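**Student:** A single structure is presented below for examination.
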Amino acid sequence: MAIGITPDYGFVSLVLFLTFLLNLHMGFRVVAARKKYNVPYPSLYAVESENKNTKLFNCVQRGHQNFLEFLPLFLSFLLVGGLKHPKLAAGLGVGHLVARYFYFKGYSTGDPENRLKIGGSHFLFLFGLIGCSLSFSISLLMDR
């Protein structure tokens with residue numbers, strides 16, 4: 001089986017760009033929270049004994065950090081799954097990013113439970129991308 005990239009793979013590459021924009025947005029929000037809650041660099045998190053807004057800052061920071069922790073998996077499954085199912089993978093990718101936006105927004109309220117109201121659905125989209133990747137892998141193996 002020859003692997004080719006169809007023009008529809010352009011949708012997948014657009015999701016990469018949207019991922020960059022969401023990451024940038026979250027990064028700017030962390031920088032703004034650093035200034036607002038007085039958490040200087042290089043501290044990754046606020047320390048409760050030094051800052052009364054520890055939870056508020058740490059929730060913003062954790063929202064972004066959690067996005068970064070899942071990013072390699074998300075991008076891998078998006079790019080591989082998109083080789084066989086470009087439109088489906090792109091749609092799942094956009095759904096994942098929208099859910100991740102709400103995950104971050106909910107987490108940033110200072111109540112970690114708020115991240116799951118809509119944001120918890122990001123797992124469904126990620127599992128869909130895993131399915132796309134598995135489908136591609138199996139089709140490669142079947143054609144040997």
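The values are calculated or read from the model by the stated rules, or taken from the named source; none is laboratory data. Treat the numbers as computed from the prediction; the structure is a model and nothing was measured. With ideal geometry, Cβ positions are generated from the backbone for all residues, glycine too; neighbour counts draw on all protein chains shown.
**Student:** For Arg115, only one of the following conditions fails: (1) at pLDDT below 95; (2) loosely packed, with under 15 Cβ neighbours inside 10 Å; (3) of a type in the set (Lys, Arg); (4) within 20 Å of the chain's Cα centre (by Cα). What is its number?
**Tutor:** (2)
**Student:** Give the residue, chosen from Asn53, Asn114, that is of a type outside the set (Gly, Ala, Ser) and without any contact (Cβ under 8 Å) to a residue 12 or more places away in the chain.
**Tutor:** Going through Asn53, Asn114 in turn, just one is of a type outside the set (Gly, Ala, Ser) and without any contact (Cβ under 8 Å) to a residue 12 or more places away in the chain: Asn114.
**Student:** Ok, one more. Restricting to the range 85-120, give me the number of residues that are closer than 19 Å to Leu18 by Cβ and outside any helix (DSSP H, G or I).
**Tutor:** Number satisfying all stated conditions: 2.
**Student:** Among the residues of the range 28-50, what is the count of those that are of a type in the set (Phe, Trp, Tyr), touching a residue at least 12 places away in the same chain (Cβ under 8 Å) and either over 17 Å from Tyr107 (Cα atoms) or out of contact with any helix residue (DSSP H, G or I) (no Cβ under 6 Å at 6 or more places or on another chain) (or both)?
**Tutor:** 0
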